[in-house]
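Sharing a structure here in structure tokens format.
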Amino acid sequence: MESTEIRKLTDEQIASELAAARRKVFNLRAQAVTEKVENTSQFRTTRRTIARLLTEQGARTKTGAKA
């Protein structure tokens, strides 16, 4: 998910996307322990998506902006 897409989301949508991304990282880690992960780049892209979501969430909290 790109940062331009994230800026268009509402606060509730950002929170739900963040929860989904965190679940995905958890599932990827569990999959890495129990079986072979086919695409290891998913770890990196998901972590970066989480960082983008948290950055936008923090910026909105700091400025008080509501989308």
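The values are calculated or read from the model by the stated rules, or taken from the named source; none is laboratory data. Please read these numbers as outputs of a predicted model, since none were measured by experiment. Neighbour counts are summed over all protein chains in view; Cβ atoms, including those assigned to glycine, are modelled from backbone coordinates with ideal geometry.
Just to verify a result, which residue in the range 52-67, among those that are in contact with a helix residue (DSSP H, G or I) (Cβ under 6 Å, 6 or more places away or on another chain) and not charged (D, E, K, R), is modelled with the highest pLDDT?
53
Need pairs with beta-carbon distance below 6 Å; first residue within 16 Å of residue 15 (Cβ to Cβ) and within the range 30-58, second surrounded by 10 or more Cβ atoms within 10 Å (Cβ to Cβ) and small (Gly, Ala, Ser); sequence gap 6+ or separate chains.
Matching pairs, first to second residue: 49/21; 50/21; 52/3.
From the list 24, 62, 36, which one is part of a loop (DSSP other than H, G, I, E, B) and among the basic types (Lys, Arg)?
Of the residues listed, the single one that is part of a loop (DSSP other than H, G, I, E, B) and among the basic types (Lys, Arg) is 36.
Moving on to the next point. How many residues does the range 33-57 hold that are among the aliphatic types (A, V, I, L, M) and surrounded by 13 or more Cβ atoms within 10 Å (Cβ to Cβ)?
4
Just name the residue that is nearest to residue 49 (Cα to Cα) out of those in the range 1-17 that are in a loop (DSSP other than H, G, I, E, B) and under 12 Å from the mean Cα position of the chain (by Cα).
Ranking the candidates gives 1 first.
Taking the range 20-31, which residues are within 12 Å of residue 51 (Cα to Cα) and among the hydrophobic types (A, V, I, L, M, F, W, C)?
Result: 21, single match.
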